[in-house]
Each structure stands twice: as structure tokens, then as C-alpha cells.
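Here's the structure, in C-alpha cells; my notes come after.
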Amino acid sequence: MSDKLKIALAQLNPTVGAMQASAEQALQVMQEMDASGADLLVFPEMFIPGYPPQDLILEDHFISENMKMVNRLAQASGEMLTLIGAIHYDGVDTYNAVAVLQHGKLLQWVHKSLLPTYDVFDEWRYFKPGRDNEPVIITFRSGSTLRLGIHICEDLWDEDIDYKICDILGDSGVDLFVNLSASPFVSNKYKERSRLISSKIEKYHKPFIYVNLVGGQDQLVFDGMSMVVDQFGGYLHVCPQFESSVCLIDLPLSPTAVSVKSIPDIPKATQVFNGLVLGVHDYFRKTGHSKAVLGLSGGIDSAVTAVIAVEALGPENVLGIAMPSKYSSDHSVSDAQALAENLGMRYLSVPICTVFEGFQETFSSTFGNPLEGLPEENLQARIRGNILMSISNRDGSLLLTTGNKTEIALGYCTLYGDMSGGLAVISDIGKRMVYALADYYNQIKGRELIPQNTITKVPSAELRDNQVDPFDYEVVAPLVNSIIEQQSDIEKLVAKGWDRELVEELLQKVRLNEYKRQQMPPGIRVTSKAFGIGRRMPIVNHYRQNH
């Protein structure tokens, strides 16, 4: 009997619905790891169907195809034990499950017990919770027979729940905890996962294997950070963030302490930037797009969107278009061009003055007067949106919108104008984080690829003479984050030191602009509460907080 297990972590990037491709990839990894002498190979949660498959689960053929792929992998299994996430349909109920494969057989299913329904999750809509939480007893090729505490993602997050899966398994005398996850990225979430794992090890003194999904899927990004932790809380291995990897690790079974490695401390700007790059890359790859187009205003938002697109797609696949009007400053045009040249991306200048004047002449001849005030400002934004969408249609490229979370929350954006597009890249980062990412990018590149003037100048939409943005972003951006991400009410915000009048004003703006957000393109989620599937607010909303 060996005093260690060879563990293989398959931190991989499936695509929802591409079940045959996922099975082919799983089969290849199984063959390679089996040949390498691995005892145990662990894939992430829902690897076969991809996560989250949402209402595809309600289609009978989708379920049967998923089961077909599991059976195929089972038949190909050998001495090595394989754990892989899939959907289990037992003829009556549907489960989020782990298939346990060995010796050419599907040995058994393990069902997820805690089904999340908060934020982006809606698993009670599709699955029945498992209540069969028992250790899985396996004899490995090394000769060791172990009791495995297999559980799935949310089963680990049980601190505020009475039904504690890890405690049930731990009290049953497991030798090893194994968690298969599809846990979406939020900055520093990997530290919270690590804390939860450490709490289980501290209580039961058993090793812990955690395998998480990686990659972008619609609005979600999965960050990986899979890990193997020994019975003393030492990190034997931590997989990279936002990268696919298949790793072989020796897990000692004897109670000999090993050197403790700490979990990496990754700066927040690094996490958010890399998460957005992966989100854009996978959104394009998985939807079949390769080229992007965006408007370059010379401002900070379009600059940061451009560098993310360039890093995700390559500069040759990104087209930036400046669309100056009579209100555009010379430095805005020059800053946009300098950015494009620094990044090596394609660049065009398409002035909108002639088109704008044609619209105004039409309004004057029809209604007696040209548009003035806000309608005139929005007209310019919509002309630009039409130009960008036309180029997108002509080239088959995907239009990236450049609005940030602070502006979108407050409605400081134009429907069918700057909100037009196919992907809202920075819609889940506030204005202050936009600046942080600009500084971060210039720092890692070792020079000012984003022009310093773009970073330091006063933000302006340049839709009228001497216009500047009507917010102090140093004050407003963190307050908006508290309103959206922490769902803080007036009294809590005032108690934290925020001005009551400002709080009430911003809450009103957030409420009134829900109709815009429900028509915006999907954005990439990197915070605990993003606009999109994780935030469901009514458009018609007469609720007001009492104060």
C-alpha cells in the first residue's frame, strides 16, 4: 500500500452545450493521466454540459446527450478513479451530480445537496437536492482504500445553513474531502474559498481537493484557482488563476507534516484585468467572433476597453473609430489616435459633423427648429452608435460598448447611442477601478501606452461646449458600488458618513434608469453584484424608502 496518492486536477474550460467536445477533451485527459500513473482524476462541476446550461436542462435531448457522454467516459475508465461533473437523470428527478468512474463502469452518482438560488444562480429551478451524503469507498491502483467525501460547489458554503454537508461527511469518517466546483469569479473570492476549506481541515484534519471551472460563459467568468491542501492546512498545489491546466500532485497519506505554502496574494487590479481579458476572449471564441470594433473618444473608458480587447483578441483584430463632432477637443482626437498607435490596433477617423447637420436640417424643415439641449446631445451619441453598428454589420465584427458601472447605474448613457453593441466590457467596474486598470496596464507594460493626458484630463462626453461629467467620481463611484453591490439602504449609507441628500439623489437615478439597463448588451461580471442576470429589478417601480 502506498503512502501517497497521485492526484490529477483538470482545471479546464468547457463550453455550454458542446458536450461531445467536452467528452473528447475529458477522454484525452483520462488517457494521459492514466498513463502517468494517476490514482485520482478530478474534473470541475458540470463539466460535461457546461455551466450554467440554464433552460437547456429542460430539454429532454440535452439531458440524454449528457448521459450518453458520461456512459462513454465510464466505459473508457481504467484503474484510475475519475470524478466528473454532469447532470444525472434517474428517470424521475434531475440532479447536479458527480459521476464516479472506474474499471469501465459508472460506479455511482453523488448529488449536490445545497442548491443556490441567489445572485446568478437558480438551481432549484432545474435540480432536486441530493440527500444521500455518504462517503464513497474506493480502492485505488496504489492499493489504498479510502473513504472520499465527495461534494459539489455550494455544499462547501454551508456556514449559514443548518444542513452541513461537510460535517455530515466528516462525521462519517472520510479520509479525503473532494469538492467539484463551478464557482464564478469575484475579486478575492479565491481567498474566501480557501478560508472555507481551511475551516473544514481544522475541524476534521483531513486533506482537501478543490477543482474549479475556468473560462468565460456569457456574463460569467470562472477563475480556476483549484487547490490541494494537506491535513495540516498546507497548500500542496494551487492552480493558476484564469488559465486552463492539468496538474499532477502527490498527496501524502501519512501524518507527516510537509512544508506549508501560502495561497498567492494577487492584487485586485490584476485579478479584474485578467478576468475581463478572459471574459472577452472566451465570449468571442465561443460565439464565433474574431474581430471587435469600438468607439475611441480619447477618454479613459474607451481606452481601457481598447486595451482589454487588444490583450484578448490581438491588436490586428481590434478597430478603433474616432468620431469627432464640432464639440470635440483637439486633444481627444489626438489622444485616441495615440492610443491606437501605441497598441498597434487599426484606427479610423469618421467625423460626424456632416451627418449631424443633416439631421438638424431635417428637424428644422419639419418642426421649425433644430434639436437643442439634451436631445441634441443624444443625437450625437446615436449617430456614433449607428456608424459603429454599420461597420460591425459590414465587417462581421462585434461592437464593444465602453460605459462603466458608475455611469450605467446613474443613467449617464444614451440608449441606442453609446449603449449600442454586443458586449459591455467594463459595465461591472466603477469609475475608480477604470483608472486603476489604466495605471495597472501602463505599469505592467513599462510605458504609457494609455496616454497620460487620457488619464489626467477631466472626464467629458463633449456633447456641448465646455461640458464636463456632472459627478465627482471619487465620491460617487464608491457610493454607487455600495448601493448596487451591498444593496445598502439610506440609513445604512448615512450612518457610514454619506451625505443624505446625495444618497437620495443617486438612489432615485438608479431606480429611474432600470429601463436602460435591461436593454444594454451583456456585461462581464467581476463584482459581487453586476447588472444582468444576477440583479433582477422591476422597471415599473414605485417603491421609495421611508426616511
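Please go through region 218-257 and give me each residue that is touching a residue at least 40 places away in the same chain (Cβ under 8 Å), closer than 15 Å to VAL178 by Cα, of a type in the set (A, V, I, L, M, F, W, C) and surrounded by fewer than 23 Cβ atoms within 10 Å (Cβ to Cβ), ordered by number.
Hits for region 218-257 are ILE249, LEU251, LEU253.
Cβ-Cβ distance below 9 Å, separation of 6 or more or different chains: which pairs start in region 13-28 with a residue that is assigned by TED's automatic domain parsing to the domain that holds ASN212 and end on one that is among the basic types (Lys, Arg) and surrounded by 17 or more Cβ atoms within 10 Å (Cβ to Cβ)?
Every condition considered, the pairs that remain are THR15/LYS286; VAL16/LYS286; ALA18/LYS286.
When the residues of region 361-371 are filtered to those that are in contact with a helix residue (DSSP H, G or I) (Cβ under 8 Å, 6 or more places away or on another chain) and at pLDDT 90 or above, which remaining residue is farthest from ILE321 (Cα to Cα)? Give the derivation first.
If we filter region 361-371 for residues that are in contact with a helix residue (DSSP H, G or I) (Cβ under 8 Å, 6 or more places away or on another chain), which is where we start, we get 369-371.
Then keep just the ones that are at pLDDT 90 or above; that gives 369-370.
Numbers: ASN369: 31, PRO370: 27 Å.
Across region 361-371, the extreme among qualifying residues is ASN369.
Going by the structure shown, is LEU400 assigned to a strand (DSSP E or B), at pLDDT 95 or above and of a type in the set (A, V, I, L, M)?
Details: assigned to a strand (DSSP E or B): yes; at pLDDT 95 or above: yes; of a type in the set (A, V, I, L, M): yes.
Considered against the rule, which asks whether it is assigned to a strand (DSSP E or B), at pLDDT 95 or above and of a type in the set (A, V, I, L, M), LEU400 comes out as yes.
Whether any residue in region 377-390 is assigned by TED's automatic domain parsing to the domain that holds GLU311, over 31 Å from the mean Cα position of the chain (by Cα), of a type in the set (D, E, K, R) and not in a helix (DSSP H, G or I) is what I want to check.
no
When the residues of region 413-428 are narrowed to those that are among the hydrophobic types (A, V, I, L, M, F, W, C) and modelled with pLDDT under 95, which ends up surrounded by the fewest Cβ atoms within 10 Å (Cβ to Cβ)?
LEU415
Just give me the residues in region 112-125 being in a loop (DSSP other than H, G, I, E, B) and of a type in the set (Asp, Glu), in sequence order. Give the derivation first.
Of all residues in region 112-125, those in a loop (DSSP other than H, G, I, E, B) come to 112-122.
If the condition is that a residue be in a loop (DSSP other than H, G, I, E, B) and of a type in the set (Asp, Glu), then ASP119, ASP122 are the ones that fit.
Got a sec? Which of TYR347, TYR327 is touching a strand residue (DSSP E or B) at 6+ places or on another chain (Cβ under 6 Å), within 24 Å of LEU379 (Cα to Cα) and not in a helix (DSSP H, G or I)? Steps first, answer last, please.
Details: TYR327 fails: touching a strand residue (DSSP E or B) at 6+ places or on another chain (Cβ under 6 Å).
Only one candidate passes the filter, namely TYR347.
For a quick check of your reading: which strands (runs of 3 or more DSSP E) sit entirely within region 7-111 and have at least 1 residues that are more than 26 Å from ARG131 (Cβ to Cβ), of a type in the set (A, V, I, L, M, F, W, C) and out of contact with any Cys (no Cβ under 8 Å at 6 or more places or on another chain)?
Result: 40-42.
Please enumerate the residues belonging to region 482-508 that are in contact (Cβ under 8 Å) with a residue 60 or more places away in the chain and under 26 Å from the mean Cα position of the chain (by Cα).
Correct list: ILE483, ILE484.
Report the residue count in region 498-514 for those that are out of contact with any helix residue (DSSP H, G or I) (no Cβ under 8 Å at 6 or more places or on another chain) and either assigned to a loop (DSSP other than H, G, I, E, B) or at positive phi (or both).
1
If GLU376 passes every condition in (1) at pLDDT 90 or above; (2) closer than 20 Å to PRO459 by Cα but one, which one does it miss?
(1)
The values are calculated or read from the model by the stated rules, or taken from the named source; none is laboratory data. Here the structure is a predicted model, which is why all the values come from computation and not from measurement. Glycine gets a Cβ as well: all are built from the backbone with ideal geometry, and neighbour counts include every protein chain shown.
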